[in-house]
Amino acid sequence: MVGVDFGTLSGRAVVVRVSDGAEVGGAVHEYAHRVIEERLPGTDVRLGADWALQSPEDWREVLRHAVPEALAASGVPASQVIGIGTDFTACTVLPATADGLPLCELPELRDRPHAWPKLWKHHAAQPHADRINALAERRKETWLPRYGGRISAEWEFAKGLQLLEEDPEVYGHADRWIEAADWIVWELTGVETRNVCTAGYKGVYQDGGYPGEDFLAELNPAFAGFTGKLGREPVPLGGLAGRLTARAARWTGLPEGIAVAVGNVDAHVTAAAADAVRPGQMVAIMGTSTCHVMPSDRLAEVPGMCGVVRDGIVPGLWGYEAGQSGVGDIFAWFVETSVPEPYAREAASRGLTVHEHLTELAAAQKVGRHGMVALDWHNGNRSVLVDHNLSAVIVGQTLATRPEDTYRALVEATAFGARVIVEAFEAAGVAVEEFVVAGGLLKNRFLMQVYADVLRRPLSVIGSGQGPALGSAIHAAVAAGAYADITSAAAVMGRRERAAYLPDAGRADAYDRLYAEYRVLHDHFADGELLHRLRAIRNEVTD
């Protein structure tokens, strides 16, 4: 099987053995345009604050390069590959024509920002999300509690309403408003499908339908028909979306006609890779951001969760999602903007990256030695406040504060944010019985130990460095008929190390004191009044 994971900055492909999940070859392809945040490619068109776009051609290039390179690295003949599965960041969504052509690839629309795909971390639709939430609360819409009481600015409806109101002409051209997770499957098969995962979590699809036309019309009369752009009824995960077309076979080097699995979200598909598809197993996929997903056999309303969707992770169970909008991005921001040159020179002289150097210095400290606490809201708050106009706060800095002190405080802040999420689930009666970590940040053992100590629970870790791609391959194995369902496939092809990190009682007690201060800070700034005013002042100042 081949699994392809489309991330924020790159796409990666793995070739996986069906019999045991062994990864026999892999390749990564960096996006040429990465994240488009300042101006549209090849133009002088500048983007506004909190915009984040991507290029569909970058995604096609992953199919043309990463898949053939992974196949070559594996040494497996293409004829032995029986299926391909894909996953995507979400909500990454784009306007397209009725035959699937992205509007940004129409010459007459190339210089229109709203014609381009909006990446998951495009947060410029926060005012539109606020209006949606206020109206849904006033009307007591039954779907709202399924999303913790607030939907996100990152999702399909907020971004769609922004498109309509800021560029109605482009909105009118958009026959389809489609998740990249489904669009890439359309490119592979020539068949348009919508998967139940993105439809439920990002498209507010609950109990067999979307929000009603009367609700949408009250937001804006021209928005009443929006759901007509969302395509057909969603298809179950692990299903067969279609067969690889001749064009896609030429791109990938794979046999025409092999099975193509229904699309999925990078975080949710990782649960299968970690063999964590049973009730109570929370998987935290930690990278630039963190997404927390967990199956459960019960339905509950968890304040501030991203959503609960029937069959959203595996068929037959409720799938919960929560998340943090910035984790690895926060550490990267700090290293790129706030570390003096002598630290970089010292790191280089020892053959270390700046991250590794700061981690080593931070790990040498005792808990609380830096005297600080921080809020991990540099990219807003996804859970449990669902407000992307919030911003970070660091308290306790003095003239004696060193870069490693702040670095450690930021690491701890992300762990505290994760604890808020776990406590919200358990307070709502949804037990977290095992905490499983996946994603690129696994390689930082200090970070993992901080999380174990802060959460006061063991951490299990996924047995793969390419969890989403492996999970996509597992789904492809089901779509190709090699396994009856996702659970049985995950039991054979997925893997994790249980209780890889254990909490230290002394450090956990010390972190309880810091966490109490984090909650004071968290609750004080949760209303957003001060932070929103500062953001408004920033947005009013133009270059």
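Bear in mind these aren't lab numbers, they're just calculated from the coordinates by the rules spelled out. Please read all numbers here as calculations on a predicted model, not as lab measurements. Cβ: placed from backbone, ideal geometry, glycine included. Neighbour counts: every protein chain shown.
Mind listing P(r) for region 169-308? All alpha-carbon pairs, 10 Å bins, whole percents.
Per 10 Å bin, starting at zero, the Cα-Cα P(r) for region 169-308 comes out as 11, 32, 34, 20, 4 percent.
Quick check for me: using +1 on Lys/Arg Cβ and -1 on Asp/Glu Cβ, what's the dipole size of the chain about its Cα centre, in debye to the nearest 20?
Here the chain has a charge dipole of around 920 debye.
Write down the Å³ per residue value for the convex hull defined by the alpha carbon atoms of region 2-96.
It is 113 Å³ per residue.
Using the alpha-carbon centroid of each, what span in Å lies between region 59-84 and region 196-260?
First find each Cα centre; the distance between them is then 25 Å.
Could you tell me whether the chain comes out rounded, prolate or oblate from its Cα gyration tensor? Rule is a ≥ b ≥ c as square roots of the eigenvalues, rounded for a/c under 1.5, then prolate if a/b exceeds b/c, otherwise oblate.
Since a/c stays below 1.5, the shape of the chain is classed as rounded.
Considering the options Ser74, Ala136, Thr193, tell which one lies farthest towards the positive end of the dipole of region 58-207, charges being +1 on Lys and Arg and -1 on Asp and Glu at the Cβ, about the Cα centre.
After comparing all options, I get Ala136.
If each DSSP helix of 4+ residues adds -39,500 (n - 2.57) and the sum is divided by the residues in the chain, what number results at 222 nm, nearest 500 deg cm²/dmol?
Result for the chain: -12000 deg cm²/dmol, rounded to the nearest 500.
Please go through the residue pairs Lys202/Lys443; Lys118/Lys140; Lys121/Lys443 and name each one whose alpha carbons sit more than 26 Å apart in this structure.
The answer is Lys202/Lys443; Lys118/Lys140.
With the contact rule set at Cα under 8 Å and sequence spacing of 6 or more, what percent relative contact order holds for the chain?
For the chain, the relative contact order is 17 percent.
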